[in-house]
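Have a look at the structure below before the remarks.
The values are calculated or read from the model by the stated rules, or taken from the named source; none is laboratory data. All values reported here derive from a predicted model rather than from experimental measurement. Methodologically, a virtual Cβ is constructed for each residue, glycine included, from the backbone with ideal geometry; neighbour enumeration extends over all protein chains shown. For accessibility, only protein heavy atoms count, side chains too; no ligands or nucleic acids. Shrake-Rupley method; radii C 1.70, N 1.55, O 1.52, S 1.80 Å.
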Amino acid sequence: MLADLSAILTLVGLTAYVILGGADFGAGFWDLTAGGPERGAPVRAMIKRAMSPVWEANHVWLIFVLVMLWTGFPDAFGSITSTLAVPLFLAALGIVLRGGAFALKGQAATIAEARALGATFALSSVVVPFFLGSAAGAIAAGEVPVGNARGDEWGSWTGALPLFVGVLAVIAGAHLAAVFLGADSSRAGDRDLVDAFRRRALGSGLAAGAVAIAGLAVVNSDAPDLYDGLTSGAGLACVIGSAAFGLVTLWLEWRERFEPARYTAAAAVGAIVAGWALAQRPYLLPPHLTVREAAAPDATLLALVIAACLGMALLIPALAWLFKLALSGQLSYEEQPRP
């Protein structure tokens, strides 16, 4: 019971990070593809305006997931971080470089410095979700055995399924960001940016759907047990739900109704995370380690669950207030593009 509850709380944190952190990284993808200094300036200014109040807060969920894993499931945590040390290190390095570049690029003394910091921010925004997705794909593919560095440190995350999940993570984050930025542009009354992010949202949404459908063949080939879980029972329900939310999101984007599209897009991505968890249950590291086998002693789990619930009672209202202030425009500012 305590092991399952701890796993559910961890999954909640993971889902929140995939949605909020994914949109955060996706904004960097659109920064990367915005165009030259003059043409891309309005897009980049809106990205900075939207991200500035909340980008650090989104990473709270990554810390939450890490703490839940290493405290509640130490064997799994050690196995994951040792076998997948390479992609996790590269992702962590990208998070550090990205955060530093985002904080400093507005203070650059020269155009060359501004461009270098902007490029670091944008490229890191693509690298981080790719490597985190590859790590998740390696777990789903059963490439992480139990024990310290027991798996292949390179081959474990460079197979077809890990690379597919990495690509899907980048595209899904870009789609979430386009929807969120479209809503912010609509609220700001900028018609040109609304059109720009509408096109980006529709294009990335169609791309995400196409990649997800094509990826089922990869899942069937590399992880047949996971495929069976995704095509039956609760896993299939999540897949159908994700597809339905995705189609509704595309319709809302076409109609430029970005506010409700925020929630349907988040639901579509959240359903995929839930479907993955349900499809591979009861395994935490399939096919080697179940959730209950990986769990810490009951006393540790009880303390962890109590601490997590108390923490969420403080964290969730604070984040809700932060997002309310950000969405109302009270924390935003207008950045004038550098000449």
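Give the carbon-plus-sulfur fraction of the accessible surface of the chain in %, rounded to a whole number; probe 1.4 Å, heavy atoms of protein chains only. Answer for the chain: carbon and sulfur cover 69 percent of the accessible area.
Using the Cα coordinates of the stretch 40-85, the gyration tensor eigenvalues translate into equivalent-ellipsoid semi-axes of 35, 13, 4 Å, sorted from longest to shortest.
For the stretch 93-222, the Kirkwood hydrodynamic radius comes to 16.8 Å, computed from all pairs of different C-alpha atoms. Close amide H contacts of Leu284 (hydrogens built in the peptide plane, cut-off under 5 Å, sequence separation of 5 or more or a different chain): Leu289, Thr290, Val291.
Full extension of the chain between Asp192 and Arg39 gives 53.9 nm of extra length, using 0.36 nm per residue less the Cα-Cα distance. The simple Förster model, with R0 at 56 Å and r as the Cβ-Cβ distance, assigns Asn220 and Lys324 a FRET efficiency of 0.85. With 10 Å bins beginning at zero, the pair-distance distribution over Cα atoms of the stretch 31-121 amounts to 14, 37, 26, 17, 6, 0 %. Taken per residue, the accessible surface of the chain reaches 46 Å², heavy atoms only and a 1.4 Å probe. Taken along the Cα-to-beta-carbon direction at a fixed 7 Å, the label points for Leu331 and Arg257 span 2.8 nm. Restricting the trypsin sites (Lys or Arg not before Pro) of the stretch 184-258 to loop positions (DSSP other than H, G, I, E, B) with no more than 12 neighbouring Cβ atoms within 10 Å leaves Arg255. Using 0.36 nm per residue and subtracting the Cα-Cα separation, the extra length available between Glu293 and Thr110 on full extension is 60.3 nm. Can you give me the angle between helix 2-16 and the longest principal axis of the chain, using Cα atoms only, in degrees from 0 to 90, rounded to the nearest 10? Approximately 20 degrees, to the nearest 10. With axes computed from alpha carbons, what is the tilt in degrees of helix 22-32 against the longest principal axis of the chain, rounded to the nearest 10 within 0 to 90? Taking Cα atoms only, the helix is inclined about 40 degrees.
Which trypsin sites (Lys or Arg not before Pro) in the stretch 19-50 sit in a loop by DSSP (not H, G, I, E or B) and have at most 15 other Cβ atoms within 10 Å of their own Cβ? Counting only loop positions with at most 15 other Cβ atoms within 10 Å, the trypsin sites (Lys or Arg not before Pro) in the stretch 19-50 are Arg39.
Simple spin-label estimate for Trp154 and Ala237 gives 4.4 nm between the two label positions (7 Å along the Cα-to-Cβ direction from each Cα). Here the average projected area of the convex hull drawn through the C-alpha atoms of the stretch 88-139 stands at 3.2 nm².
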